[in-house]
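The values are calculated or read from the model by the stated rules, or taken from the named source; none is laboratory data. Computed from a prediction, not measured in an experiment: that's the story for all the values here. Note: ideal-geometry Cβ built from the backbone for every residue, glycine included; neighbour counts use all protein chains shown.
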Amino acid sequence: MNINFTGRIALVTGAGKGIGRCIAIKLSELGAKVFAVSRTEADLDSLKEEDSAIETRCLDIGNWKNTRKVIEDVGRVDLLVNNAGIVRHKSVLEASEEFTDEHFDVNFKAALNISQIVAKGIISRKGSGAIVNISSISGILTAPGFPMYCSTKAAIDMLTKSMALECVPFKNKKKLPIQLHSCSVTMHQ
Ligand SMILES: NC(=O)c1ccc[n+]([C@@H]2O[C@H](COP(=O)([O-])OP(=O)(O)OC[C@H]3O[C@@H](n4cnc5c(N)ncnc54)[C@H](OP(=O)(O)O)[C@@H]3O)[C@@H](O)[C@H]2O)c1
């Protein structure tokens with residue numbers, strides 16, 4: 001399959017490490033102009049060393065207001081990958097308000113926040129694009145000790161469906177301008 005993203009602008013969250021970093025590098029290799037967002041400056045510096053074409057933004061996406069400002073300043077984005085996620089261990093009976101907020105702020109609310117900006121931009125430009133939310137099998141199957149992680153992944157799956165449904169009225173000729181995807185990834189060591 002010949003995949004070419006030349007002329008497209010992509011934004012990947014959690015691009016400092018792991019899956020997000022690989023996605024950012026691959027999208028850049030495939031021709032996209034990539035904005036890599038993460039919160040550890042050293043990770044972004046090493047990413048820039050690996051691929052100097054990638055632009056970086058050091059940002060804690062758990063901060064709604066600051067994220068909105070930084071992402072709006074990026075301008076046009078055609079392809080968004082909401083990848084950043086945290087997973088911490090604590091039982092349902094032990095989960096504090098702070099622990100719950102931390103999971104929902106990063107794994108769910110940040111994806112909603114950034115998707116709103118990107119989707120509104122695509123609609124106002126009468127453009128086209130795609131939003132990919134990196135979910136998990138944990139959104140379907142629970143695991144003891146990870147109630148908040150599993151709940152945020154179930155929530156992101158439903159957000160993907162809800163956004164896809166609401167974007168239908170913005171049909172541009174025959175094609176849907178914004179494609180929404182929720183991906184479950186499984187890593188084998
Ligand atoms: N790995 C798996 O087996 C697996 C399986 C299923 C689903 N997933 C999903 O795949 C995605 C990526 O997983 P991964 O294993 O690649 O994770 P990872 O190696 O822990 O990397 C996560 C990246 O997200 C960044 N990040 C976390 N919180 C952030 C915040 N508030 N603001 C900005 N950046 C933030 C991290 O930066 P810092 O390190 O600086 O915090 C890091 O660069 C997640 O959504 C995860 O739930 C992973």
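Worth pointing out:
- Only residues that are within 11 Å of the ligand (Cβ to nearest atom), touching a Gly at 6+ places or on another chain (Cβ under 8 Å) and part of a loop (DSSP other than H, G, I, E, B) were counted in the stretch 62-85, giving 3.
- Which listed residue, of 158, 148, is away from the ligand (no atom under 15 Å from the Cβ) and not in a loop (DSSP other than H, G, I, E, B): 158
- Of 8, 21, all but one fail to be among the basic types (Lys, Arg), within 9 Å of the ligand (Cβ to nearest atom) and closer than 19 Å to residue 131 by Cα; the exception is 21.
- Selection within the stretch 146-189: residues that are at pLDDT 85 or above and among the aromatic types (Phe, Trp, Tyr). The member of this set that is farthest from residue 89 (Cα to Cα) is 149.
- Conditions (1) of a type outside the set (A, V, I, L, M, F, W, C); (2) touching a Ser or Thr at 6+ places or on another chain (Cβ under 9 Å); (3) within 11 Å of the ligand (Cβ to nearest atom); number of the one not met by residue 56: (3)
- Test for residue 95: is it surrounded by 14 or more Cβ atoms within 10 Å (Cβ to Cβ), modelled with pLDDT under 95 and more than 12 Å from the ligand (Cβ to nearest atom): no
- With respect to the conditions (1) surrounded by fewer than 18 Cβ atoms within 10 Å (Cβ to Cβ); (2) within 16 Å of the ligand (Cβ to nearest atom), residue 127 falls short on a single one, namely (2).
- Members of the stretch 41-61 that are in contact (Cβ under 8 Å) with a residue 12 or more places away in the chain, under 20 Å from the mean Cα position of the chain (by Cα) and outside any loop (DSSP other than H, G, I, E, B): 41, 43, 44, 47, 55, 56, 57, 58
- The residue that is farthest from residue 71 (Cα to Cα), counting only those in the stretch 24-51 that are of a type in the set (Ser, Thr, Tyr) and within 7 Å of the ligand (Cβ to nearest atom), is 40.
- For the stretch 87-131, filtering for residues that are touching a residue at least 40 places away in the same chain (Cβ under 8 Å) and either assigned to a helix (DSSP H, G or I) or within 16 Å of residue 149 (Cβ to Cβ) (or both) leaves 29.
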